[in-house]
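The values are calculated or read from the model by the stated rules, or taken from the named source; none is laboratory data. Keep in mind it's a predicted model, so treat the numbers as computed, not measured. Here the Cβ positions follow ideal geometry from the backbone for every residue, glycine too, while neighbour counts run over all protein chains shown.
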Amino acid sequence: MRMSELSPSIPPVPMSRLEEYSSAATLSDMEIFIFPSLLYPLVLANLMSPRIWQWREDPWFANFAKLTPYRRILRLKQFIMDHYAFNLDLETWGLTTQEKEMARFAPFMDRDTIARSNALFGYEGDRFYFDLDIRRHFGLDKYTRDVIPYWKTETVEAMDAFRFQPGHDQGAGECVSLSTLYAAALYILCGISLDDIYLVATPLHSQNFVDVHEGILTNNRRLVTKAMWFNGTELSAKARRALENEQITIVSHCTGWIHTVYPEAGIEPAAYERFRERLRGFLQTDVSPEILFNFLRQNPQRQRCFQIEHIVFGKRRWIPAEQAYAFENSCPYKVSDRTREKLLAEMDEDEFFPEPLTDRIPLNKFDDYFHHNRIDLDNEDDRQKLGREFNCYSSDACDIIRELRAFCKLEPRWPDAGGEKTVAPGPRIDLPPGLSREQIVERLEAQRATNPAADLAFYAARDLARTDPRPFFKAAIERSPVCVEAARAMDPAAAAAVLRDMPGESIYDATRAAQPDEVWNSRRGDGLEKAVTLAAILHARQPEIPFAVRADGETATLSFDGTDHAFPTRKGLTLDLEWPLRDSPGSD
């Protein structure tokens, strides 16, 4: 397929959208922030991939159809836990600079807005993230302030290819990769409707809200139920960070998306309102003895205000609350539920005091108190009533009540919190549960002309037989820092030799192609992918030299500075790509 011979069913990408469409091939976090239209197409690319469909043949999913939807989701979670790691290593996809990326995105969003909203350009969230020192946390402190990582979101193929990298024995991915993997797997394996899956992005995290039962949040590899959200454990505290401390920047759904910066929103209003109502319900709970005890588990600085009474050999004894909570780590019992007596019985007698501790509130009294008093933490009279029960001299009772209310009732900062959005719903992605992979591809193909998300899905899938190849080529040449840096000391012949010595197998099936850094990281690639990788390496050294990559079905050739570098290819593609890119197919 020569550029001048694109099939009529594959219209050329307009130059005004080339940056957006090329970003579908690299899918970095910053690109998705600038182009929120890219987030859902990655889900669709994973739906079209044969990889997740192959999971159904695994014995782990035997008799899966007999399970309830909730039990299916739990089994899926364990499969993902067993086969994928969370990876946010700076070196995986290389580094770039704020200056370079700011200049690139200037036509789409102004510098100040990007810096206020995106973690890679200065945003550090609320006080929590300032205290954390986000650059040190991610290992960026060893670079100048201008250096930022290319945190690229991985397709399922790129996630699986981590097993070829040193130090990895399984797949891996960052938070956006895992959230889009989950979304596709929930549909394919669990039969969850795309209507019930919402992708939720904040400046430093990405997760899904799944509208089943009371709701489920995916959080990297794990799942968080409503009960887990309020259990006060360290894992749950980490899961709460993003929604507690950050603005929701993007909500993406099969009906469209909404972004905190852009004034237009394409998500269907009824779907978005359902999401808000259901997520708000997930993030709020009534106060009860168990919730109070869970709150204290998450807030150890408040435990010193409390003591727990226990009968030891028929005598009343008291123990500091913090000692009981600390003991949870060494036994299966909890302070907060009906196993409390078993936990206390496991502790040594000499840890208890014979008299009540001065200035400490007995936690036991709240077991009865909440059974006889329904407390609404939104009501001032109820807050004062509860506050009178917290007679703690080492802390302000008002502070405890305020913190308890924040624990029980989280109101997210929605993307439209700052004002009205112009809502113009586009066509929804129409993929009812139960379709086969082939039917999904056919339906998305049929929707491409009228639905940008369906069209971009084929670019996110890197299918060079179904797309204008210029966006893929642009992304490969301009955004492949890993192979460029790794081959810096090699002359062209040596770099070509390294690529030829790699196994000639692609991490992608059929006519889909890997980006150069995926080739370099996985140490394998089809000949077409190797030719493009070598082009990226050589162009970085001599950006003023025009070059071409051609494929005739069996051989892919890079012609650079008077030298041809040929590689055998099994992609079966006929391509004629020239750099600099032409404005349109067939133009001079």
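Looking only at region 287-300, decide whether some residue is in contact (Cβ under 8 Å) with a residue 12 or more places away in the chain, among the aromatic types (Phe, Trp, Tyr), under 30 Å from Val212 (Cβ atoms) and in a helix (DSSP H, G or I).
yes
Of the conditions (1) buried (at least 24 other Cβ atoms within 10 Å of the Cβ); (2) among the hydroxyl-bearing types (Ser, Thr, Tyr); (3) within 19 Å of the chain's Cα centre (by Cα), Tyr272 fails just one. Which one is it?
Among (1) buried (at least 24 other Cβ atoms within 10 Å of the Cβ); (2) among the hydroxyl-bearing types (Ser, Thr, Tyr); (3) within 19 Å of the chain's Cα centre (by Cα), Tyr272 violates only (3).
Just to verify a result, which residue in region 41-59, among those that are in contact (Cβ under 8 Å) with a residue 12 or more places away in the chain and among the charged types (D, E, K, R), is nearest to Ala158 (Cα to Cα)?
Per the criteria, the residue is Arg51.
Kindly check whether there is at least one residue in region 313-320 that is basic (Lys, Arg), surrounded by 13 or more Cβ atoms within 10 Å (Cβ to Cβ), in a loop (DSSP other than H, G, I, E, B) and touching a residue at least 24 places away in the same chain (Cβ under 8 Å).
No, region 313-320 contains no residue that is basic (Lys, Arg), surrounded by 13 or more Cβ atoms within 10 Å (Cβ to Cβ), in a loop (DSSP other than H, G, I, E, B) and touching a residue at least 24 places away in the same chain (Cβ under 8 Å).
Quick one: in region 356-393, which of the residues that are among the hydroxyl-bearing types (Ser, Thr, Tyr) and assigned to a loop (DSSP other than H, G, I, E, B) is surrounded by the fewest Cβ atoms within 10 Å (Cβ to Cβ)?
The qualifying residue surrounded by the fewest Cβ atoms within 10 Å (Cβ to Cβ) is Thr358.
Could you tell me which residue of region 534-575 is surrounded by the fewest Cβ atoms within 10 Å (Cβ to Cβ), considering only residues that are within 27 Å of Ala486 (Cα to Cα) and of a type in the set (D, E, K, R)?
Here the residue is Glu544.
From the list Ala85, Ala65, pick out the single residue that is of a type outside the set (Asp, Glu), over 19 Å from Ala460 (Cβ atoms) and in a strand (DSSP E or B).
Exactly one of Ala85, Ala65 is of a type outside the set (Asp, Glu), over 19 Å from Ala460 (Cβ atoms) and in a strand (DSSP E or B), namely Ala85.
Could you pull out the residue among Thr422, Thr467 that is under 30 Å from Glu518 (Cβ atoms) and either surrounded by 14 or more Cβ atoms within 10 Å (Cβ to Cβ) or in contact (Cβ under 8 Å) with a residue 60 or more places away in the chain (or both)?
Thr467
Which is surrounded by fewer than 18 Cβ atoms within 10 Å (Cβ to Cβ) and either in a strand (DSSP E or B) or in the same structural domain as Ala535 (by TED's automatic domain parsing) (or both), of Ala514, Ala510?
When all the criteria are applied, what remains is Ala510.
I'd like to check something: does region 198-215 contain any residue that is small (Gly, Ala, Ser) and part of a helix (DSSP H, G or I)?
Looking through region 198-215, none of the residues is small (Gly, Ala, Ser) and part of a helix (DSSP H, G or I).
Can you find a residue that is out of contact with any Phe, Trp or Tyr (no Cβ under 7 Å at 6 or more places or on another chain), over 23 Å from Pro452 (Cα atoms), of a type in the set (D, E, K, R) and not in a loop (DSSP other than H, G, I, E, B) anywhere in region 243-263?
Yes, some residue in region 243-263 is out of contact with any Phe, Trp or Tyr (no Cβ under 7 Å at 6 or more places or on another chain), over 23 Å from Pro452 (Cα atoms), of a type in the set (D, E, K, R) and not in a loop (DSSP other than H, G, I, E, B).
Specify which of the listed residues (Ala446, Ala475, Ala454) is crowded, with 16+ Cβ neighbours inside 10 Å, small (Gly, Ala, Ser) and assigned by TED's automatic domain parsing to the domain that holds Leu189.
Within the list Ala446, Ala475, Ala454, the selection yields Ala454.
Answer yes or no as to whether Ala270 is within 30 Å of Phe108 (Cβ to Cβ), touching a Ser or Thr at 6+ places or on another chain (Cβ under 6 Å) and either part of a helix (DSSP H, G or I) or in contact (Cβ under 8 Å) with a residue 40 or more places away in the chain (or both).
Taking the combined requirement at face value, the residue does not satisfy it.
Criterion first (in contact (Cβ under 8 Å) with a residue 60 or more places away in the chain and over 28 Å from Ala201 (Cα atoms)) does Phe390 satisfy it?
For Phe390, the condition - in contact (Cβ under 8 Å) with a residue 60 or more places away in the chain and over 28 Å from Ala201 (Cα atoms) - is met.
Any idea which of Pro425, Pro492 is more than 24 Å from the chain's Cα centre (by Cα) and modelled with pLDDT under 95?
On inspection, the qualifying residue turns out to be Pro425.
Please give the number of the condition Ala551 fails out of (1) in a helix (DSSP H, G or I); (2) in contact with a strand residue (DSSP E or B) (Cβ under 7 Å, 6 or more places away or on another chain).
Failed condition: (1).
Do we find that Ala406 is of a type in the set (Gly, Ala, Ser) and either surrounded by 14 or more Cβ atoms within 10 Å (Cβ to Cβ) or in contact with a Cys (Cβ under 7 Å, 6 or more places away or on another chain) (or both) in this structure?
The answer is no for Ala406.
If we scan region 54-74, do we find a residue that is within 16 Å of the chain's Cα centre (by Cα), within 18 Å of Ala183 (Cβ to Cβ) and surrounded by 15 or more Cβ atoms within 10 Å (Cβ to Cβ)?
So far as region 54-74 goes, no, none of its residues is within 16 Å of the chain's Cα centre (by Cα), within 18 Å of Ala183 (Cβ to Cβ) and surrounded by 15 or more Cβ atoms within 10 Å (Cβ to Cβ).
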